[in-house]
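Q: Shown below is the structure under consideration.
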Amino acid sequence: MQRVYYGVQVTRRRRIRRSLERGTSSLELALIVPSFLLLLVGAIDLSWLVILSNMTSEAAREGARAAKVIVAPAPGPVSGAAATSIGAAARNHVVSYGPGGYDVTSTVGGDTTAGFYVQVVVSTTYQPVSGSFLPVPPRSVNATSRLFLP
């Protein structure tokens, strides 16, 4: 004996409800997956940017350490073989990332009363992964290290 609920049989009512709910999980998946993927790509971009920032900072620090040994205390930009050696020391501590590479500039500053220092600036450009499908511009990543000369 089938029960009648407001004039409609219960089994028929269940069948209608099931047919109305068909495809709802596909719709929910279609709405959630793009948001999840966007968050995932954003997390990857942020982690790459942090790694690149740390590598650039370490390169500047190592370049300044090499410059402390190589450079004589005289104010002005460092050029020639000393600049090449400082750049090589800085680039040895980074993983090559992208086609741009790293720019290394070193200068000597200060005076005889306060003391001389060498300053090494390492810079590169980061192109985010999300930049291929979102309007995200490249980011400049810079690091500066300054050590006083003996």
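Each value in this text was obtained by applying a stated rule to the coordinates, not by laboratory testing. Note that the coordinates shown come from a computational prediction; the quantities given were computed from them, not determined experimentally. Note: ideal-geometry Cβ built from the backbone for every residue, glycine included; neighbour counts use all protein chains shown.
Q: Can you name the residue in segment 49-78 that is in contact with a strand residue (DSSP E or B) (Cβ under 7 Å, 6 or more places away or on another chain) and within 24 Å of Ser130 (Cβ to Cβ) and, of all such residues, is surrounded by the fewest Cβ atoms within 10 Å (Cβ to Cβ)?
A: Leu49
Q: For residues in segment 117-150 being of a type in the set (S, T, N, Q) and under 17 Å from Arg61 (Cα atoms), which is surrounded by the most Cβ atoms within 10 Å (Cβ to Cβ)?
A: Thr124
Q: Further question on the same structure: Return only the number of the condition from (1) within 19 Å of Ser145 (Cβ to Cβ); (2) surrounded by 12 or more Cβ atoms within 10 Å (Cβ to Cβ) that Ala114 does not satisfy.
A: Ala114 satisfies all of (1) within 19 Å of Ser145 (Cβ to Cβ); (2) surrounded by 12 or more Cβ atoms within 10 Å (Cβ to Cβ) except (2).
Q: Considering only segment 122-150, state which residues are under 30 Å from Gly76 (Cβ atoms) and among the aromatic types (Phe, Trp, Tyr).
A: Matches in segment 122-150: Phe148 only.
Q: So which of Gly42, Gly101, Gly76 ends up being small (Gly, Ala, Ser) and more than 16 Å from the chain's Cα centre (by Cα)?
A: Result: Gly76 is the single residue among Gly42, Gly101, Gly76 that is small (Gly, Ala, Ser) and more than 16 Å from the chain's Cα centre (by Cα).
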